[in-house]
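Take a look at the structure set out below.
The values are calculated or read from the model by the stated rules, or taken from the named source; none is laboratory data. Fair warning: this is a prediction, and the values are worked out from it, not measured in the lab. Ideal geometry is used to build each Cβ from the backbone, glycine not excepted, and the neighbour counts take in all protein chains shown. SASA here: full protein model, heavy atoms, side chains in, ligands and nucleic acids out. Shrake-Rupley method; radii C 1.70, N 1.55, O 1.52, S 1.80 Å.
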Amino acid sequence: VATIAYIALGSNLGDRKAILDGAIAALRESPGVAGLAVSSLHETDPVGGPAGQGRYLNAAAAVETTLDPLQLLTLLHSIEARFGRVRSARWGERTLDLDLLLFGDQIIATPELSVPHPSLTARRFVLEPLCEIAPNAVDPRTERKIADLLASLDLPGSQPDR
Ligand code: PH2
Ligand code: MG
Ligand code: MG
């Protein structure tokens, strides 16, 4: 069976636009993955991590996939590696970050994978692009729509990004 999954894309090192375009093409060309929608590219200030990093380009993509969640995660890691991702400092600068945000309505909490993405509800740089392509998608943990989660970031008392 096919599942709709949502993926966050980010780059703040190298030719960011070429890298994001290449990552989207690589996703679409992967067996078991069909592209459904891609947001526009959003330029954002880095949140967290070491000081002095460049600005990010962020985007979100919707895919339909026959892979299981771990197979999709492995694919995302292999595409990151193809685009020169070196895993160093937590939240350090990177050529390409592909995060699995939602996998259908599944909730997964294993050492390998947490879905929905643990920071989904707190991150404007994720929710804004995602809301462009999937305002009515539902976060199965909070049972709230993406558009509502994004609006909540503007409310007093909302927790900042982690
Ligand atoms: N990713 C991070 C940490 N901080 N900031 C922005 N603006 N965009 C990101 O994609 C991002 C970040 C960890 O993955
Ligand atoms: Mg990330
Ligand atoms: Mg990541």
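Does region 139-147 include one or more residues that are open to solvent by 40 Å² or more (accessible area, probe 1.4 Å), closer than 26 Å to Ser30 by Cα and either within 13 Å of ligand 2 (Cβ to nearest atom) or not in a loop (DSSP other than H, G, I, E, B) (or both)?
Step one: filter region 139-147 for residues open to solvent by 40 Å² or more (accessible area, probe 1.4 Å), giving 141-145.
Remaining after also requiring closer than 26 Å to Ser30 by Cα: none.
Checked against the condition, which is being open to solvent by 40 Å² or more (accessible area, probe 1.4 Å), closer than 26 Å to Ser30 by Cα and either within 13 Å of ligand 2 (Cβ to nearest atom) or not in a loop (DSSP other than H, G, I, E, B) (or both), region 139-147 yields no hits at all.
Got at least one residue in region 19-34 being open to solvent by 30 Å² or more (accessible area, probe 1.4 Å), closer than 26 Å to Leu150 by Cα and within 14 Å of ligand 1 (Cβ to nearest atom)? The answer is no, given that none of the residues of region 19-34 is open to solvent by 30 Å² or more (accessible area, probe 1.4 Å), closer than 26 Å to Leu150 by Cα and within 14 Å of ligand 1 (Cβ to nearest atom).
Conditions tested, residue by residue: (1) within 16 Å of ligand 3 (Cβ to nearest atom); (2) open to solvent by 20 Å² or more (accessible area, probe 1.4 Å).
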residue: Ala37; (1), (2): no, yes
residue: Ser40; (1), (2): no, yes
residue: Pro46; (1), (2): yes, yes
residue: Gly52; (1), (2): no, yes
residue: Tyr56; (1), (2): yes, yes
residue: Thr66; (1), (2): no, yes
residue: Leu70; (1), (2): yes, yes
residue: Leu73; (1), (2): yes, yes
residue: Leu76; (1), (2): yes, no
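Take the residues of region 79-113 that are of a type in the set (S, T, N, Q) and either surrounded by 13 or more Cβ atoms within 10 Å (Cβ to Cβ) or within 22 Å of Asp139 (Cβ to Cβ) (or both): which is farthest from ligand 1 (Cβ to nearest atom)? If we take residues in region 79-113 being of a type in the set (S, T, N, Q) and either surrounded by 13 or more Cβ atoms within 10 Å (Cβ to Cβ) or within 22 Å of Asp139 (Cβ to Cβ) (or both), then Gln106 is farthest from ligand 1 (Cβ to nearest atom). Restricted to strands (runs of 3 or more DSSP E) entirely inside region 38-120, those with at least 1 residues that are closer than 20 Å to Asp15 by Cα and among the hydrophobic types (A, V, I, L, M, F, W, C) are 56-65, 97-103. Among the residues of region 148-158, those that are under 22 Å from Ile107 (Cα atoms) and either in contact with a helix residue (DSSP H, G or I) (Cβ under 7 Å, 6 or more places away or on another chain) or open to solvent by 70 Å² or more (accessible area, probe 1.4 Å) (or both) comprise Asp148, Leu149, Leu150.
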